[in-house]
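Have a look at the structure below before the remarks.
The values are calculated or read from the model by the stated rules, or taken from the named source; none is laboratory data. The structure displayed is predicted, hence computed values, not measured ones. Please note: Cβ atoms are built from the backbone with ideal geometry, for glycine as well, and neighbour counts cover all protein chains shown.
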Amino acid sequence: MKGEHGPLVHELFGRGDYGLISEIVEPGSCVLDLGCGEGELLAWLADNKNVDARGVEISPAKLQKAIARGVSAYQGDIESCLADYPDKAFDYVLLSQTLQEVRYPKQVMQDILRVGRRAIIAFPNFGHYKVRLAHLLNGRAPKTKLFPYDWYDSPNIHFLTVDDFEILAARERWQIERRYFLSGTKEIKAMPNLLAEVAVFVVSHA
Amino acid sequence: MVVETQIKRFDSIELESGVVIHSVDIAYETYGTLNAAKSNAILVVHAFSGDAHAAGVSADGQRGWWENMIGPGKGFDTDKYFVICTNVLGGCKGTTGPISINPATGQRYGMSFPVVTIGDMVRAQKMLVESLGIKRLLSVAGGSMGGMQVLEWAVSHPESVASAIPIASTARHSAQQIAFNEVGRQAIMADPDWNGGEYYDSKPPARGLSVARMVGHITYMSDASMREKFGRRQREDNGIFEVESYLRYRGSQFVDRFDANSYLYITKAMDLFDLANGAQSLVPVLNKTRTRFLVISFTSDWLYPSYQSLEIVNALRRRNQDVAYIELTSSYGHDAFLVEVDEQAELITGFLARTMKENSRA
């Protein structure tokens, strides 16, 4: 599993057997991957779980590779593309490491939960202790393994934590069906807001 | 591989208008081998001035118009797939058209040939495909007017098409596209040699047809590709601009290989085509199809701009249908679909492989 799909693939597939994603996604379901990159995940799901695999990708070079893998990917922007899909068009909508990059994350979440029966949302946890320490000790915009960018060229425009997401979900009455917290490829069971590098939520409408 | 265009004769074809043409010839070529299950057949459909000779080399040394895309190991891999290409109804390359003899009169049809539509072209292709014993095509693919036929296949024979690849095409001509076609038609009809379409026993309207083709070639290129190819360079022998010389050459060359009346009929068929049958939205008409789509457009194509491809793609997405879409970067204008081989081959290879796999599973 190489390529630039991003941490969801690497984290979830880090076990070497696509374990976590395989556990979540039911065979034969219809999956939309927002920001599908070169389509590795979708191609794997199509090959191994008989999934009807759809993707959205903004980068033409990555899109080219995704389609060449046989993935039905569409050149578009995450924030504007969702409006066209009918309600409950997909069994799962995946959004990997991108929620912190979109202009209106709440709106995107609402759109995702309209077009999908379930959302699988992965994002880097800004509450991780190393991020907190970097900010506290240096007095500068945190720059860590997880947030490697300088403030002026970072794609991240919202800095949310595990707790932030849980609070918004409760307020919006989204049902969090499952949660996975990862540090590297290791699953974190306690104090996720402090210890998780990546949070993965399986969300549906209440 | 040396290939030869075959002709198959059918008793008749009923057009969408209800008019029946008797004794219809359909010219076609095939490449590769049909498998035992007859599940690997792909119909490639040509653009406005194309013909059945899509691939390989003919006995007189002519390379097929999509030779770089069809063949062993190419985008349409003839080691895996059985590829069929036919000349369109109304054409002049072996399939019945205005230049053909009307069996009822013993004379060439000329302007008495009935109006044909993109739907009629597809009906003729369906007849040929069925005569080869093929019930379901793995894919129908084509650019420009070929893309219109691809779309027509997907909505009028959804059960017969597993996948569709419309390239640099549209669900309906815009006013601008109709306008360019009308200039071409008027150029032909303004030539006294056209003579109401009755020129087969004298000389063809070469000037008019040549001017029509010159206009066409301008629309197939882009500002950037013309600048790069010709700039303001002038020829040393006669002092005319390179671009003038090119267009004149292309125009005169076209006269030798195309029938002026076919030009009128086929451009009209393109202009009349409307996948939505006059409705604003494409969504209802696309309701019927379960076909997988791969839609491709090109950045510099101003004749069939990307917004027209996007209209198709977005209508399919509204139906939650299986569609891949990419706008490829190219400076070649509308010609890009014949020129940008590597990217298209990579996309089509993956798309067809997945379609084949899903089809064998279904």
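Taking the conditions exactly as written (surrounded by fewer than 19 Cβ atoms within 10 Å (Cβ to Cβ) and among the β-branched types (Val, Ile, Thr)), does B:THR219 satisfy them or not?
On the way: surrounded by fewer than 19 Cβ atoms within 10 Å (Cβ to Cβ): no; among the β-branched types (Val, Ile, Thr): yes.
No, not satisfied.
Applying the criterion of being more than 22 Å from the chain's Cα centre (by Cα) and closer than 20 Å to B:GLY75 by Cβ to the residues of segment B:1-35, the residue that is surrounded by the most Cβ atoms within 10 Å (Cβ to Cβ) is B:LEU34. Within the bounds of segment B:77-97, is there any residue that is surrounded by 20 or more Cβ atoms within 10 Å (Cβ to Cβ), among the charged types (D, E, K, R), under 18 Å from the mean Cα position of the chain (by Cα) and closer than 21 Å to B:ALA269 by Cβ? Checked against the condition, which is being surrounded by 20 or more Cβ atoms within 10 Å (Cβ to Cβ), among the charged types (D, E, K, R), under 18 Å from the mean Cα position of the chain (by Cα) and closer than 21 Å to B:ALA269 by Cβ, segment B:77-97 yields at least one hit.
When A:MET109 is tested against (1) surrounded by fewer than 18 Cβ atoms within 10 Å (Cβ to Cβ); (2) part of a helix (DSSP H, G or I), exactly one condition is not met: (1). Evaluate segment A:124-142: report whether one residue or more is within 15 Å of the chain's Cα centre (by Cα) and either assigned to a loop (DSSP other than H, G, I, E, B) or under 30 Å from B:LEU282 (Cβ atoms) (or both). Yes, segment A:124-142 has at least one match.
Scanning segment B:50-60 for residues being modelled with pLDDT of 95 or more and either in a loop (DSSP other than H, G, I, E, B) or buried (at least 24 other Cβ atoms within 10 Å of the Cβ) (or both) gives a total of 7.
Checking A:ASP111 against (1) away from every other protein chain (no Cβ under 11 Å); (2) out of contact with any Asp or Glu (no Cβ under 9 Å at 6 or more places or on another chain); (3) of a type in the set (Asp, Glu), only one condition comes out false. Which one? Failed condition: (2).
Yes/no matrix, rows are residues, columns are (1) out of contact with any Leu (no Cβ under 7 Å at 6 or more places or on another chain); (2) more than 8 Å from every other protein chain (Cβ to nearest Cβ); (3) part of a helix (DSSP H, G or I):
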| position | (1), (2), (3) |
| --- | --- |
| B:THR289 | yes, yes, no |
| B:SER297 | yes, yes, no |
| B:LEU303 | yes, yes, no |
| B:ASN314 | yes, no, yes |
| B:ILE326 | no, no, no |
| B:PHE337 | yes, yes, yes |
| B:THR349 | yes, no, yes |
| B:MET356 | no, yes, yes |
| B:SER360 | yes, yes, yes |
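Of the residues making up segment A:1-46, those that are charged (D, E, K, R) and modelled with pLDDT under 90 are A:LYS2, A:GLU4, A:GLU11, A:ARG15, A:ASP17, A:GLU23, A:GLU40.
Conditions (1) more than 22 Å from B:ALA276 (Cβ to Cβ); (2) within 17 Å of the chain's Cα centre (by Cα); (3) not in a helix (DSSP H, G or I), marked per residue:
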position	(1), (2), (3)
B:GLN149	no, yes, no
B:ALA154	no, yes, no
B:GLU159	no, no, no
B:ILE165	no, yes, yes
B:VAL183	yes, no, no
B:GLN186	yes, no, no
B:MET189	yes, no, no
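What residue, among those in segment A:67-93 that are small (Gly, Ala, Ser) and more than 22 Å from B:ARG290 (Cβ to Cβ), is nearest to the other protein chains (Cβ to nearest Cβ)?
Going residue by residue through segment A:67-93, those that are small (Gly, Ala, Ser) are A:68, A:70, A:72-73, A:76, A:80, A:83, A:89.
Still in the list and also more than 22 Å from B:ARG290 (Cβ to Cβ): A:68, A:76, A:80, A:83.
On the way: A:ALA68: 4, A:GLY76: 8, A:SER80: 11, A:ALA83: 10 Å.
Filtering first and then ranking leaves A:ALA68.
Only one of the numbered conditions (1) touching a helix residue (DSSP H, G or I) at 6+ places or on another chain (Cβ under 9 Å); (2) buried (at least 17 other Cβ atoms within 10 Å of the Cβ); (3) more than 14 Å from chain B (Cβ to nearest Cβ); (4) part of a loop (DSSP other than H, G, I, E, B) is not met by A:GLU38, and that is (3). Per this entry, B:LYS38 is not counted among residues that are surrounded by fewer than 20 Cβ atoms within 10 Å (Cβ to Cβ), under 23 Å from B:GLY119 (Cα atoms) and not polar (S, T, N, Q).
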